[in-house]
Amino acid sequence: MTEAYQFANGYGDLTCLPIFSQAANGVPHGVPSGLDPAVASPPAPTSNVDWALVSTLRAQASEQLSQVVQSGRARLDKEAQQELGRSIVLDLIESAMAEAVDAGLGSWSPSKQQATAQAVFDSLFRLGRLQPLVDDDRIENIVIVGHDNVQLELIGGTLVPGPSVADSDQELIDFLVFLASRSEVNARSFSEAQPSLHMRLDGGSRLAAVAWVTTRPSVVIRRHRLMRVTLDDLVERDMMTPVLASFLRAAVRARCSIVVAGAQGAGKTTLVRALCAEIDELEAIGTFETEYELHLHELGRHKVVIPWEARPGSGERGPDGRQSGEFTLDEALVDSFRFNLSRQIVGEVRGKEIWAMIKAMESGTGSISTTHAADAVAAVRKLVTCAMEAGPHVTQGLATSKLAATVDLIVQLSLQTKVVPGGAHRTRRVAEVIALAPGEKEPGYATTHVFRTDAAGVAVPDVLPDEYRRLAQHGFDLAAYLASQPLGART
């Protein structure tokens, strides 16, 4: 009696495989009990998977699934398509096993059957060879420079090498093209004509990729591990002091407009989520992002959250310079003024979308945004530059005056990397907070360090403008702040 026959008749039918028991968008494996996630080893390559066979079976399954969908025999939603896909995959696995036995190659072990079926399903509906990395709760960021050069940042900040995610750079590019085009809601183009890709993934992760204009295809996947996070949680993680947390909490409640700045990977989005957690649950919130990252609409903290996502256009640009189907954040913000929102949260500002941020902040409802900058004062200069990218009609003076009049606070995050045995360790902290106000002379604005960086890199009290004393009525621990001020700053 062959092992294949034993599996079909002794181990139970193929529908017992794990792909029939998991959620449609994947269930994270989590960190095993007793395992320190900061030093945990990354997933090893799946040694019993023939990836060439997986590629062939995925193509066959994709063709069969497309034939059913296009035939119009039934209208299948995403979940139904995946259920049908599971059945197709298992039929193909059974055929492949029979062909292997007939060819004298021996039968497959149960573990190989399971691993191959899962790999084909993941390649068809999920992230293929990337899926085990995205599912692993020990991993925070995935950095890929070529199919075989993978670095994983674990949740404790340690950097370790990861397994190859394709058999060649071309295979990696092909999969990214497939991944970008299959979205039912917001498909993206990824080609030599459009060599960069930014998109959200199922489960909330963000993917950025580039190819053709770099020597090797490069990908970064940011896993948003801290979703339901509060300022108190960040205090416990030594990201800020209790006094600073009380100041930021009060600033949100008092509807101050806040920009969170820092390097890539410094934790800006995490801090914005924590700030938004301080907004009353009955306030109606609108979020405006190029790709969903905040996911406030999925957290359940607030009764009304309407998320807007920009949509890139396609094809040639028209006389107005726009591509067909393009939907900008500026358009989304204009629409939002008819939705009775209490707060408008504009996500990351990298360029012209700053005008959406300025419009939101001009409404005076207390908006929050993020940007990349080396320090808080540099963030002001960066935002001025972004505003001027809108065209020659935006002068430096106009950009400066708009920002100085609308932004109240800039919260700067620091990211420090320390080399340790076996990799590197990263520490994230709030480094400083400045208050921004209009200025009469050059450069056109005035800054005050409400919290400065001490020798240990921690944000500590410095100078408090008089108008921010009012935050005490919103929960700011003014007494603790004044007690920690340097002597020269006390009044």
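The values are calculated or read from the model by the stated rules, or taken from the named source; none is laboratory data. All figures in this text were calculated on a predicted structure; none of them were measured in a lab. Please note: Cβ atoms are built from the backbone with ideal geometry, for glycine as well, and neighbour counts cover all protein chains shown. Please note that ligands, DNA and RNA were not included when accessible areas were found on the heavy atoms of the full protein model with its side chains. Shrake-Rupley method; radii C 1.70, N 1.55, O 1.52, S 1.80 Å.
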Inset, instruction - Given the conditions (1) farther than 18 Å from Thr371 by Cβ; (2) open to solvent by less than 10 Å² (accessible area, probe 1.4 Å), report the number of the one that Val259 does not fulfil. - result: (1)
Legend entry - All positions within the range 157-207 that are open to solvent by 60 Å² or more (accessible area, probe 1.4 Å) and among the charged types (D, E, K, R): Asp167, Glu171, Asp174, Arg182, Glu184, Glu192, Arg200, Asp202
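Here is a list: Phe337, Phe288, Phe327. Which entry is among the aromatic types (Phe, Trp, Tyr), surrounded by 17 or more Cβ atoms within 10 Å (Cβ to Cβ) and modelled with pLDDT under 95?
Unique residue meeting the criteria: Phe288.
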Legend entry - Condition met for Leu130 (buried (at least 23 other Cβ atoms within 10 Å of the Cβ) and in contact (Cβ under 8 Å) with a residue 60 or more places away in the chain): yes
Inset, instruction - Quickly run through the range 88-112 and pick out the residues that are hydroxyl-bearing (Ser, Thr, Tyr) and either open to solvent by less than 50 Å² (accessible area, probe 1.4 Å) or touching a Gly at 6+ places or on another chain (Cβ under 8 Å) (or both). - result: Ser107, Ser109
Legend entry - the range 436-451, residues that are touching a Pro at 6+ places or on another chain (Cβ under 8 Å) and open to solvent by 10 Å² or more (accessible area, probe 1.4 Å): Ala437, Gly444, Tyr445, Ala446, Thr448
Inset, instruction - Count, please, the residues in the range 87-114 that happen to be within 39 Å of the chain's Cα centre (by Cα) and not in a helix (DSSP H, G or I). - result: 2
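Would you say Gln416 is buried (at least 21 other Cβ atoms within 10 Å of the Cβ), of a type in the set (S, T, N, Q) and under 32 Å from the mean Cα position of the chain (by Cα)?
Answer is no for this residue.
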Inset, instruction - Take Asp148 and decide whether it is at pLDDT 90 or above, open to solvent by 50 Å² or more (accessible area, probe 1.4 Å) and within 21 Å of Ala274 (Cα to Cα). - result: no
Inset, instruction - Output the qualifying pairs, or none if there are none: Cβ atoms under 8 angstrom, residues six or more apart or on different chains, first residue in the range 299-313 and under 16 Å from Glu278 (Cβ atoms), second residue part of a strand (DSSP E or B) and not β-branched (Val, Ile, Thr). - result: Val305/Gly286
Legend entry - Count of residues meeting criterion [in contact with a helix residue (DSSP H, G or I) (Cβ under 8 Å, 6 or more places away or on another chain) and surrounded by fewer than 17 Cβ atoms within 10 Å (Cβ to Cβ)] in the range 213-228: 3
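Conditions tested, residue by residue: (1) of a type in the set (A, V, I, L, M, F, W, C); (2) buried (at least 18 other Cβ atoms within 10 Å of the Cβ).
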site	(1), (2)
Leu244	yes, yes
Ala266	yes, yes
Thr270	no, yes
Val304	yes, no
Legend entry - Filter result for the condition that a residue is touching an Asp or Glu at 6+ places or on another chain (Cβ under 8 Å) and either under 24 Å from Thr214 (Cα atoms) or among the β-branched types (Val, Ile, Thr) (or both), over Ile155, Ile173: Ile155
Inset, instruction - Could you list, in sequence order, all residues of the range 365-412 that are open to solvent by 10 Å² or more (accessible area, probe 1.4 Å), touching a Ser or Thr at 6+ places or on another chain (Cβ under 8 Å) and not in a helix (DSSP H, G or I)? - result: Thr365, Thr370, Asp408
